[in-house]
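Participant: Below is one structure. I have some questions about it.
The values are calculated or read from the model by the stated rules, or taken from the named source; none is laboratory data. Given the structure is predicted, the values throughout are model-derived calculations rather than measurements. Cβ atoms come from the backbone with ideal geometry, glycine included; neighbour counts cover every protein chain shown.
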Amino acid sequence: MTGGADAVVGRRILLVAARYPPHHTTAAEFRLRDVALGLTQRGHTVSVLCGADAVEPEDDQPVRVVRRLPRVSMDDERVWPAVTSGRRFRSEVALFRPDAVVFSHLTGISESVLGVDLPSSVIVASDVGSDWLRDLALPHGGWFASWATPASGALARVARAVRRMAAGGALGAPIVPPPLPRGRTWFWSRRRWKACLAGGLPVHGATLLEPGIDLRGFQFRERAELGTPVRVLFSEPIERSTGLHTLVLALGDLPGSVRLRVCGAVQDEGYLAEVAELGRAAGVMDRIEIAAPPSGREMPDVVAAADMLVYGREEPERFPRRPLEAFAVGTPVIATDASEGSDLFQNDATSLTFPPGNVPELTRQLRRILDDPALRRTLTLAARAKVERDYALGYTLAQIEEALFVDASA
């Protein structure tokens, strides 16, 4: 069978996750919901197997949701919940008879589930949607890389526990092995993929997915005037590579009516302290709001409320989600011009760009947005059109279908 959308219609897909919406707490849960619903709309039959404590889904959704798996943490050696997880997973596979099984996110899924043998006809894939492998960068990362996907059974659990305690004693640190990606693997982030490679995991042939936006959750609106005060949004994680320091210095050269809201997760407290020192030296700390990161449900409104969004990553993600959301709702974007996002960030077309770390150029581009209503309108209309054309959810779903089925059947 060759590639193409018609070649992969009508498959049975089982998604395995610790949780399933509407209990949303992370972007990964939103993405799982969008993927599950989107695949059903493309003609597939989708079932989600999730934790027994998951919230009841909406009655009218077309996805079959089974809340059967006990929540067992990856370092939990309790025998009965783990055995139960494996048995329930086997029974669900036998009942649903999927063409493909996708382990989503992986954190919170019992090792006994990951160790279950599946029929050779079933395509298996791992969706790496979070930073659960970050510890691979620690000195004991080699221990993680040497662990194979666990087998089930009491003897295997005892062997893992003994090995874990011996390793922890030798290294002076607890050893909690993450699950290894199983089967085909895809990532939503080049940074996470590189972290896995650096840790020795066999993910060289993984697929890098380009994220799509479910445009039903992002209503576009044109803005004739900027707000009072003018609101600049920075929503990336607070760490050195995301360029918050560049934006804070640029703020010092802008009118006092321009305010900055920072709502990214703090990943480097020392860097945040340095940025605060820069802000005080530039005399702009009274114009900066450090806010808690919004939930996934709140983020569309946060992006829509901003007059502009600055994406200052010095090593940008391949296809960053937050600027896509800004494009979708009509918020102008000023972004670094690094090559990974060059297709998305087209200067004077969909956005304005500046070299990473270049304060004068960022200041100049911010002033253009402030002073030119016609430019703002041109950018936002073109950006929305690009999202609709290239980065709607269907674009992502087509990549998932290809990653699962097309290569396997070619």
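Participant: Among the residues in the range 335-351, are any over 21 Å from the mean Cα position of the chain (by Cα), surrounded by 16 or more Cβ atoms within 10 Å (Cβ to Cβ) and of a type in the set (Ser, Thr, Tyr)?
Facilitator: yes
Participant: Also, I was wondering about something else. Given the condition more than 24 Å from Ala28 (Cβ to Cβ) and at pLDDT 80 or above, answer yes or no: does some residue in the range 145-153 qualify? Before the answer, list the steps.
Facilitator: Narrowing the range 145-153 to residues more than 24 Å from Ala28 (Cβ to Cβ): 146, 148, 151-153.
From what's left, at pLDDT 80 or above: none.
No, every residue in the range 145-153 fails to be more than 24 Å from Ala28 (Cβ to Cβ) and at pLDDT 80 or above.
Participant: Working only within the range 243-273, note down all residues that are over 26 Å from the mean Cα position of the chain (by Cα) and among the hydroxyl-bearing types (Ser, Thr, Tyr).
Facilitator: The answer is Ser257, and nothing else.
Participant: Scan (1) part of a loop (DSSP other than H, G, I, E, B); (2) surrounded by fewer than 21 Cβ atoms within 10 Å (Cβ to Cβ); (3) in contact with a Phe, Trp or Tyr (Cβ under 8 Å, 6 or more places away or on another chain) for the single condition Leu254 breaks and write down its number.
Facilitator: Of everything listed in (1) part of a loop (DSSP other than H, G, I, E, B); (2) surrounded by fewer than 21 Cβ atoms within 10 Å (Cβ to Cβ); (3) in contact with a Phe, Trp or Tyr (Cβ under 8 Å, 6 or more places away or on another chain), Leu254 misses just condition (3).
Participant: Also, I was wondering about something else. So which residues in the range 183-206 are surrounded by fewer than 19 Cβ atoms within 10 Å (Cβ to Cβ) and either on the phi < 0 side of the Ramachandran plot or not assigned by TED's automatic domain parsing to the domain that holds Val128 (or both)?
Facilitator: Arg190, Arg191, Lys194, Leu197, Ala198, Pro202, His204, Gly205
Participant: Of the conditions (1) under 27 Å from Arg192 (Cβ atoms); (2) modelled with pLDDT under 85; (3) surrounded by 19 or more Cβ atoms within 10 Å (Cβ to Cβ), Asp76 satisfies every one except a single condition; which number is it?
Facilitator: With respect to (1) under 27 Å from Arg192 (Cβ atoms); (2) modelled with pLDDT under 85; (3) surrounded by 19 or more Cβ atoms within 10 Å (Cβ to Cβ), Asp76 is out only on (3).
Participant: Here's a follow-up. If I ask for residues that are closer than 21 Å to Leu208 by Cβ and either touching a residue at least 12 places away in the same chain (Cβ under 8 Å) or in a loop (DSSP other than H, G, I, E, B) (or both), which ones from the range 360-389 would you list? Quick ask: steps written out before the conclusion?
Facilitator: If we filter the range 360-389 for residues that are closer than 21 Å to Leu208 by Cβ, which is where we start, we get 386-387, 389.
Correct list: Lys386, Val387.
Participant: Does the range 294-305 contain any residue that is within 28 Å of Asp371 (Cβ to Cβ), touching a strand residue (DSSP E or B) at 6+ places or on another chain (Cβ under 6 Å) and in contact (Cβ under 8 Å) with a residue 40 or more places away in the chain?
Facilitator: no
Participant: Report, by residue number, each residue of the range 21-40 that is polar (S, T, N, Q) and at pLDDT below 90.
Facilitator: Within the range 21-40, Thr25, Thr26 qualify.
Participant: Then there's this: Can you say whether Ser241 is out of contact with any helix residue (DSSP H, G or I) (no Cβ under 8 Å at 6 or more places or on another chain), in contact (Cβ under 8 Å) with a residue 40 or more places away in the chain and either β-branched (Val, Ile, Thr) or not assigned by TED's automatic domain parsing to the domain that holds Glu361 (or both), as far as the supplied structure shows? Outline the logic, then answer.
Facilitator: Numbers: out of contact with any helix residue (DSSP H, G or I) (no Cβ under 8 Å at 6 or more places or on another chain): yes; in contact (Cβ under 8 Å) with a residue 40 or more places away in the chain: yes; either β-branched (Val, Ile, Thr) or not assigned by TED's automatic domain parsing to the domain that holds Glu361 (or both): no.
Taking the combined requirement at face value, the residue does not satisfy it.
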